[in-house]
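Only one structure is covered here, and it is reproduced in the block below.
Values in this text are rule-based calculations from the coordinates and carry no lab data. Keep in mind that what you see is a predicted model, and the values were worked out from it rather than measured. In this analysis, Cβ positions are derived from the backbone assuming ideal geometry, glycine residues included, and neighbour counts consider all displayed protein chains.
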Amino acid sequence: MSRFWSSLTYDLRPYVPGEQPRIADLVKLNTNENPLGPSPRVLEAIRGEATDALRLYPDPQATALRAALASYHQVQPEQVFVGNGSDEVLAHAFAALLKHDMPLLFPDITYSFYPVYCRLFGIAFEAVPLDAALNIRVADYLRPAGALIIPNPNAPTGVALSRAEIATLLAQHPDAPVVIDEAYVDFGAETAIPLVASHPNLLVVQTMSKSRALAGLRVGYAIGDADLIEALTRVKDSFNSYPLGRPAQAGAIASLQDEAWFQQSRARVIQGRERLNGGLVALGFDVLPSSANFVFARHPEHEGAALAAALRQRAVIVRHFSAARISGYLRITVGSDEQIDRLLSELSEILGNDRRVG
Ligand SMILES: *Cc1c(COP(=O)(O)O)cnc(C)c1O
């Protein structure tokens, strides 16, 4: 702490991102990056932007990208907001839509950025416990709320709600903004975007970081009623008018134009997930049913922290959370086939050879 800090800064409890270490031959399965990589057409589009035009500011409205997203998702451009990663889009949503007299509701085990934003923006919240199997129970949200935010699939469990369950949530709260964070939806869950037309209170947030393998480009977006999008734009234009640079706008458009690459990428991750799942179950792990590009798994005889540390010693990095209800679990990103094999063989050695672990 410094005497130069504002009281706001002093009270913050920042999100801790998964580490990005520089270790040779590291098997990095801790931040849900996509093993296949971006479409070659995206790289070409980005290279095409490396010109003298970088002198000039980008389009502050990202008009072409918003039009491309609108046509891809069959909505109007006024129903699309884009930002520097969906984390930024979410931050604007917290400021623009989620602060009310009544508390914001979200699951007790969820994306750990949500309480961080609440502190930053002074938003009262209530964490709604997952059930014993770590599922979101829609009926538990039947309580007074200023707003709701729910990731679907949930993080870090990977468990998804159906679109019908999201519709039930919306029916329970017709007068509260409801944000569905669909960072992982492309890996097997149902998007809520079709519900936008009939629900003026629904904002769906997606990202190009995971299913489009563009975490390094920082492109996220929201789809909702034009009135909600206007609120986000008001906050954005009070914060940073040019959140997406020229390379990001062009790369994101190119990604939407390479549907074959996208479909292949999703299919490869889903296949890998099923193989990872099978391998973990064979090693005695309990694995939650995942609709994401990671699995959440625990071993009945070994502590999560000890397993994560043993893997780390073998240059395999997974994510472990120390929160009470989930400290037994590891969140393991679905990597390439070789990475999955490496993880499984290291785990097999750890479990078989080192009885001291856990
Ligand atoms: C990864 C993730 C995001 C943020 O992704 P960006 O890279 O900022 O687009 C948002 N929500 C959840 C639940 C995530 O896991």
Using the Karplus curve 6.51 cos²θ - 1.76 cosθ + 1.60 with θ = phi - 60°, what ³J(HN,Hα) values do you get for each residue of the range 264-275, in whole Hz, with x for Gly and Pro? 5, 4, 4, 4, 4, 5, 5, 4, x, 4, 5, 5
At Tyr57 and Gln263, where each label point lies 7 Å from the Cα along Cα→Cβ, what is the point-to-point distance in nanometres? 4.1 nm
³J(HN,Hα), Karplus 6.51/-1.76/1.60, whole Hz, each residue of the range 32-40, x for Gly, Pro: 6, 7, 8, x, 6, x, x, 4, x
Among Ala309, Ser6, Tyr117, whose Cα projects farthest towards the positive end of the dipole of the chain, with charges put on the beta-carbon of Lys, Arg (+1) and Asp, Glu (-1)? Ala309
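With n ≥ 4 as the cut-off for DSSP H runs, can you work out [θ] at 222 nm for the chain, using -39500 (n - 2.57) per run divided by the number of residues, rounded to the nearest 500? Write out the running numbers ahead of the final one.
Details: 11 runs with 131 residues, N = 358.
It comes out at -11500 deg cm²/dmol, rounded to the nearest 500.
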Within the range 158-187, list the residues whose amide N lies under 18 Å from a label point set 7 Å along Cα→Cβ of Val281. 158-160
Within 10 Å of each residue's Cβ, count the other Cβ atoms and sort Trp261, Trp5 from fewest upward. Trp5, Trp261
Kindly put Lys99, Lys210 in sequence by how many other C-beta atoms sit within 10 Å of each C-beta, fewest to most. Lys99, Lys210
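Please give the peptides 252-259, 138-145 ranked by average Cβ packing (other Cβ atoms within 10 Å per residue), highest first, as a rough proxy for protection.
Numbers: 252-259: 19.4, 138-145: 14.8.
The densest-packed peptide leads the list: 252-259, 138-145.
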Sorted largest first, the C-alpha extents of the range 40-258 along its principal axes in whole angstrom are 55, 35, 30
So which lysines pass the test for Lys236, namely a Cα distance under 17 Å, with those fewer than 8 places away in the same chain ruled out? Lys99
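Among DSSP bridges having both ends in the chain, what percentage is antiparallel? Round to the nearest 5. Don't jump to the answer; show the numbers that get you there.
On the way: 18 of 35 bridges.
Counting DSSP beta bridges with both partners in the chain, the antiparallel share is about 50 percent.
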